[in-house]
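The values are calculated or read from the model by the stated rules, or taken from the named source; none is laboratory data. Only a predicted model underlies this, so the values are computations on that prediction, with no experimental measurement involved. Here the Cβ positions follow ideal geometry from the backbone for every residue, glycine too, while neighbour counts run over all protein chains shown.
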């Protein structure tokens, strides 16, 4: 598909949102930031599940502990 | 809408523990909203990673925003902390009577905690950000923070 340029009128609200998106998505230019923000917004459940699977199992809790037991112990409630 | 992710959810995902499937379902259910954490949650989870960067990369994968500039609201936290201390009772497992923990060195009464639990800062953070929290510790948060919605 041919690349097209679209106009995006900046008002104070959009400028503030764009600044926030720039901080969050760290794109090289405005096009990339908008692309990342849209991708993120429209990320499907399957794609998000894939991301979860990618980070799952990267740490080990003490033997016999699940996350809840571990957190209660860290917080001194157990 | 923002949703605060408690450490119990993040640790469960990162460790793939017995609560993993439930944590995963909750994250998928709400992933179109903005997940956020504060420095208390970050530090609790960070204990299991070798560097800040490593954890930040994983949080970014899950689209979790790390809010570093959280300022506790004392007027929210202190009344609840007082209620917690008032309700905190110790019972002897043998005779069943209410008792008081005593220091084995100086015999001082240890009934009152010296530090405020991070749960109170997390609930306050959730309250400041729209009042929605994802946690596995539902009972505790429901008991003390009726203003917060515990998502299921």
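Out of curiosity, is residue A:5 assigned to a loop (DSSP other than H, G, I, E, B), modelled with pLDDT of 85 or more and away from chain B (no Cβ under 13 Å)? Reasoning before the result, please.
On the way: assigned to a loop (DSSP other than H, G, I, E, B): yes; modelled with pLDDT of 85 or more: yes; away from chain B (no Cβ under 13 Å): yes.
Considered against the rule, which asks whether it is assigned to a loop (DSSP other than H, G, I, E, B), modelled with pLDDT of 85 or more and away from chain B (no Cβ under 13 Å), residue A:5 comes out as yes.
Does residue A:48 satisfy the condition of being surrounded by 12 or more Cβ atoms within 10 Å (Cβ to Cβ) and either farther than 21 Å from residue B:5 by Cα or at pLDDT 90 or above (or both)? Steps first, answer last, please.
Numbers: surrounded by 12 or more Cβ atoms within 10 Å (Cβ to Cβ): yes; either farther than 21 Å from residue B:5 by Cα or at pLDDT 90 or above (or both): yes.
Considered against the rule, which asks whether it is surrounded by 12 or more Cβ atoms within 10 Å (Cβ to Cβ) and either farther than 21 Å from residue B:5 by Cα or at pLDDT 90 or above (or both), residue A:48 comes out as yes.
With respect to residue B:17, is the statement that it is without any contact (Cβ under 8 Å) to a residue 24 or more places away in the chain and facing another protein chain (nearest Cβ under 10 Å) true? Before the answer, list the steps.
On the way: without any contact (Cβ under 8 Å) to a residue 24 or more places away in the chain: yes; facing another protein chain (nearest Cβ under 10 Å): yes.
Judged against the criteria, residue B:17 is a match.
Are any residues in the stretch B:61-70 assigned to a loop (DSSP other than H, G, I, E, B), in contact (Cβ under 8 Å) with a residue 24 or more places away in the chain and within 13 Å of chain A (Cβ to nearest Cβ), and if so, which ones? Give the derivation first.
Narrowing the stretch B:61-70 to residues assigned to a loop (DSSP other than H, G, I, E, B): B:62-63, B:67-70.
So of that shortlist, the ones also in contact (Cβ under 8 Å) with a residue 24 or more places away in the chain come out as B:62-63, B:67-68, B:70.
Matches in the stretch B:61-70: B:62, B:63, B:67, B:68.
Filter the stretch B:36-47 down to residues that are at the interface with chain A (Cβ under 9 Å from one of its Cβ atoms) and crowded, with 16+ Cβ neighbours inside 10 Å and give me whichever is nearest to residue A:73 (Cα to Cα). Steps first, answer last, please.
Within the stretch B:36-47, the first condition is being at the interface with chain A (Cβ under 9 Å from one of its Cβ atoms), and the residues that meet it are B:44-45, B:47.
Then drop every residue that is not crowded, with 16+ Cβ neighbours inside 10 Å, which leaves B:44-45.
Working: B:44: 11, B:45: 13 Å.
The qualifying residue nearest to residue A:73 (Cα to Cα) is B:44.
Residues are listed down the side, and each one gets a yes or a no for (1) more than 13 Å from chain A (Cβ to nearest Cβ); (2) in a strand (DSSP E or B); (3) surrounded by fewer than 20 Cβ atoms within 10 Å (Cβ to Cβ):
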{"residue": "B:3", "(1), (2), (3)": "yes, yes, no"}
{"residue": "B:10", "(1), (2), (3)": "no, no, no"}
{"residue": "B:27", "(1), (2), (3)": "no, no, no"}
{"residue": "B:49", "(1), (2), (3)": "no, no, yes"}
{"residue": "B:72", "(1), (2), (3)": "yes, no, yes"}
{"residue": "B:78", "(1), (2), (3)": "yes, no, yes"}
{"residue": "B:84", "(1), (2), (3)": "no, no, yes"}
{"residue": "B:95", "(1), (2), (3)": "yes, no, yes"}
{"residue": "B:119", "(1), (2), (3)": "no, no, no"}
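Which of the residues that make up the stretch A:51-78 are within 9 Å of chain B (Cβ to nearest Cβ) and either closer than 16 Å to residue B:32 by Cα or modelled with pLDDT under 85 (or both)?
Listed by number, the residues that qualify are A:51, A:52, A:76, A:77.
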